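Written out below as structure tokens is the structure these notes cover.
Any read-out appearing in this document is the output of simple, stated calculations on the displayed coordinates, not a laboratory observation. All of these numbers come straight from a predicted model, not from anything done at the bench. For neighbour counting, all protein chains shown are included, and Cβ atoms are generated from backbone atoms with ideal geometry for every residue, glycine included.
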Amino acid sequence: MFVCAGSLERIGMARGVGVGLIESAITLTRLCLLERPTELIFVGSAGSYDPNLPMLSLFKSAQGYQIEQSFVCDQSYTPLENYLEAHSALLDQICLPAVKVNSSNYIHTSPDFARQMQGAGIALENMEFFTLLRVAQSFKIPSVGVFCVTNYISPHAHQEFLDNHDRAKARLEAWMEAFGKC
């Protein structure tokens, strides 16, 4: 089953699960209980911590983090697990470069934070992906994410996102259609 954030980010035949960590957790849990999907493929936009990744390029991931800027700056800590990795044959079926993805309820705009995340080997930021991995893990559902870069983590992130969002959705819809024919 394809899922996406929803709201502004309705992508093709993907089911919308909500924006951010909380809304997507509630909706995705309900969907898993009622419809019992056998696999979950999240499709969505992503900000890039790495300014060398091409705009509108596609990536796959089965590795998610939930790291806030305050954590990186030693201004907070968490007793929660903030790293998840899905082990799924789905990952091998998708012919895209694999990256690590961070999720937050906030869109980061700090180039310093972006450099720190890039230094930690984390390439992209998407608000909902960590939720998908966590819910899928709870229900033992194979899961993976596919992302299209819409912006770089910078003070101009929001405008870049707006400028590229429609093209990113079209790229993801085309990928979904091609993947469905495999």
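When the chain is treated as a GNM with alpha-carbon contacts under 10 Å, the residue of Gly20, Gly47, Gly119 showing the greatest mean-square fluctuation is Gly119. With θ taken as phi - 60° and the Karplus curve 6.51 cos²θ - 1.76 cosθ + 1.60 applied, the whole-hertz 3J(HN,Hα) list for the stretch 140-155 is 6, 10, x, 8, 7, x, 10, 10, 10, 6, 10, 6, 9, 6, 6, x Hz, x standing for glycine and proline.
Taking amide H positions as modeled 1.01 Å from N, with prolines and chain starts lacking one, the residues under 5 Å from Gly16 and 5 or more places away or on another chain are Cys4.
Across the stretch 46-51, rounded Karplus estimates of 3J(HN,Hα) from the backbone phi angles (6.51 cos²θ - 1.76 cosθ + 1.60, θ = phi - 60°) give 8, x, 9, 6, 9, x Hz, Gly and Pro being marked x.
Once fully extended, how much extra length lies between Leu80 and Gln159, figured as 0.36 nm per residue of separation less the alpha-carbon to alpha-carbon distance? Please report the intermediate quantities before stating the final value.
On the way: separation 79, 0.36 × 79 = 28.44 nm, distance 3.25 nm.
Result: 25.2 nm gained on full extension.
Taking the charge dipole of the stretch 108-182 about its Cα centre, with +1 at Lys and Arg Cβ atoms and -1 at Asp and Glu Cβ atoms, the residue from Ser143, Ala168, Thr131 reaching farthest to the positive side is Ser143.
Taking the chain as a Gaussian network of alpha-carbon nodes connected by springs under 10 Å, the highest mean-square fluctuation of the residues Ser103, Ser48, Ser57 belongs to Ser57.
Charged side chains reduced to their Cβ positions (Lys and Arg at +1, Asp and Glu at -1) give the chain a dipole of some 460 debye around its Cα centre. Computed about its Cα centre, the charge dipole of the stretch 1-60 is approximately 160 debye, with only Lys, Arg, Asp and Glu carrying charge at their Cβ. Per-residue 3J(HN,Hα) values for the stretch 54-64, derived from phi via the Karplus relation 6.51 cos²θ - 1.76 cosθ + 1.60 with θ = phi - 60°, read x, 4, 6, 7, 9, 9, 10, 7, 10, 10, x Hz in sequence order (x marks Gly and Pro). Among Asp163, Asp92, Asp50, the residue with the largest mean-square fluctuation in a Gaussian network model of the chain, with springs joining Cα atoms closer than 10 Å, is Asp92.
For Phe42, the residues 5 or more places off, or on other chains, whose built amide H falls under 5 Å of its own are Val3, Val144, Gly145, Val146.
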